[in-house]
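Student: Following this message is one structure expressed as structure tokens.
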Ligand SMILES: CC(C)(COP(=O)(O)OP(=O)(O)OC[C@H]1O[C@@H](n2cnc3c(N)ncnc32)[C@H](O)[C@@H]1OP(=O)(O)O)[C@@H](O)C(=O)NCCC(=O)NCCS
């Protein structure tokens, strides 16, 4: 690593952006200047999408028009040929692999595929944001051998996704929890997947290519994949009574504990408390609070021992699990929300573009003498 740098581009400012601000010391997260706590309390995911794309809160009339275009069944519906592609995939394909393939495939069916203008990118961003939930839910139905559930334009994005995935009407608490989870995951400044999207967009490539890059980056366990790993940890621990001993041993073994730590936050991630509260409420409603109890014990020990705090991924999985969502769908759900931020960043990048092309500090050999093959 060159100079004084800490590696991994830590603390490196890559560019200016008006979209999202993280105060890592105070534990504050702002979207377009609005505190995420206020958005959780007063807003909806759809309104947050508008805010991220347009830079300000909508009027009633603007919100109604936005809800209509984002929620239209025709916008949410997948092209039939894409469904045929999904059906052709091996059943064991993981949901994140399906999402990566599906986002890329959506591009070729998009009427604006060849148009990289700002207007066309906005239309494609709308379709991507409307269709990702349908794609994720469709794969869940296909791999379980169940009939697909058509999108319902009368439902919010959160309620419609839960209904399409499960085939049942979700409870109001499930819808509320899911909507809040979507708000909390919608953007997070220059995280790895957003940076991947911006690097791709900065070559003046199209939005589908940028979002495909982002999905690939999100898949890794140090980023979006962490919420799945947290639930696997809960499953290993099995019971709240065993949690303290399990986590103490894990820390003694120098294990990396998923759902903790952050490159930017030095305090608890402001998103974690909302998910803790909602996961607790949902657990109570479903009559099983053991996952949250396990996570609370793990959080107490990790915080006391290592001074590393919970991040957004610690409690989201427990909430999703209470809704009956399979663990390997947690990261695709992250993408259903983050696509709003990714597309906002692609549009911002395109609006004031310069190719992102850093340098490396070369540490290899120089001046080696070439030895012909038969003399090596
Ligand atoms: C998010 C994450 C990748 C950020 O990592 P980073 O900024 O590169 O920080 P580092 O990996 O350099 O960690 C700094 C120190 O804290 C420790 N640490 C950080 N996160 C840790 C965790 N989750 N469990 C145990 N130790 C952790 C590291 O071991 C390291 O200690 P050391 O200096 O004694 O070696 C990291 O915290 C992590 O792996 N967390 C678990 C995965 C996760 O939950 N990701 C979702 C993020 S929203």
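Student: So in region 184-199, with the set limited to residues that are in a helix (DSSP H, G or I) and surrounded by fewer than 24 Cβ atoms within 10 Å (Cβ to Cβ), which one is nearest to the ligand (Cβ to nearest atom)?
Tutor: Across region 184-199, the extreme among qualifying residues is 192.
Student: Any idea how many residues of region 13-22 are at pLDDT 95 or above and more than 16 Å from the ligand (Cβ to nearest atom)?
Tutor: Selection size over region 13-22: 5.
Student: Which of the following residues is in contact (Cβ under 8 Å) with a residue 24 or more places away in the chain and part of a loop (DSSP other than H, G, I, E, B): 230, 264, 234?
Tutor: 264
Student: Just need a number here: residues in region 89-136 that are in a helix (DSSP H, G or I) and touching a helix residue (DSSP H, G or I) at 6+ places or on another chain (Cβ under 8 Å).
Tutor: So the answer is 29.
Student: If you don't mind, there's one more thing I want to ask. For region 99-115, which positions are under 12 Å from residue 210 (Cα atoms) and more than 24 Å from the chain's Cα centre (by Cα)?
Tutor: If the condition is that a residue be under 12 Å from residue 210 (Cα atoms) and more than 24 Å from the chain's Cα centre (by Cα), then no residue fits.
Student: Does residue 276 count as closer than 15 Å to residue 318 by Cβ, away from the ligand (no atom under 12 Å from the Cβ) and within 18 Å of the chain's Cα centre (by Cα)?
Tutor: yes
Student: Only one of 259, 287 is on the phi > 0 side of the Ramachandran plot and within 16 Å of the ligand (Cβ to nearest atom). Can you tell me which?
Tutor: Every option except 259 fails the conditions.
Student: For residue 44, which of the numbered conditions (1) within 16 Å of the ligand (Cβ to nearest atom); (2) under 20 Å from the mean Cα position of the chain (by Cα) fails to hold?
Tutor: Condition not satisfied by residue 44: (1).
Student: I would also like to ask the following. Can you tell me which residue among 235, 228 is farther than 20 Å from residue 120 by Cα and more than 11 Å from the ligand (Cβ to nearest atom)?
Tutor: None of the other options fit; the residue is 235.
Student: Can you list the helices (runs of 4 or more DSSP H) lying wholly within region 268-371 that have 2 or more residues being closer than 19 Å to residue 136 by Cα?
Tutor: By residue number, 313-322, 330-351.
Student: Considering every residue within region 162-180, establish whether at least one is over 27 Å from residue 283 (Cβ atoms) and surrounded by fewer than 18 Cβ atoms within 10 Å (Cβ to Cβ).
Tutor: no
Student: From the list 10, 41, 47, 62, pick out the single residue that is assigned to a loop (DSSP other than H, G, I, E, B) and either modelled with pLDDT of 95 or more or under 27 Å from residue 266 (Cα atoms) (or both).
Tutor: 10
Student: Which of the following residues is over 17 Å from residue 207 (Cβ atoms), at pLDDT 95 or above and buried (at least 18 other Cβ atoms within 10 Å of the Cβ): 312, 302?
Tutor: Going through 312, 302 in turn, the sole match is 302.
The values are calculated or read from the model by the stated rules, or taken from the named source; none is laboratory data. Source: prediction; values computed, not measured. Cβ coordinates were reconstructed from backbone atoms using ideal geometry, including for glycine residues, and neighbour counts include every protein chain displayed.
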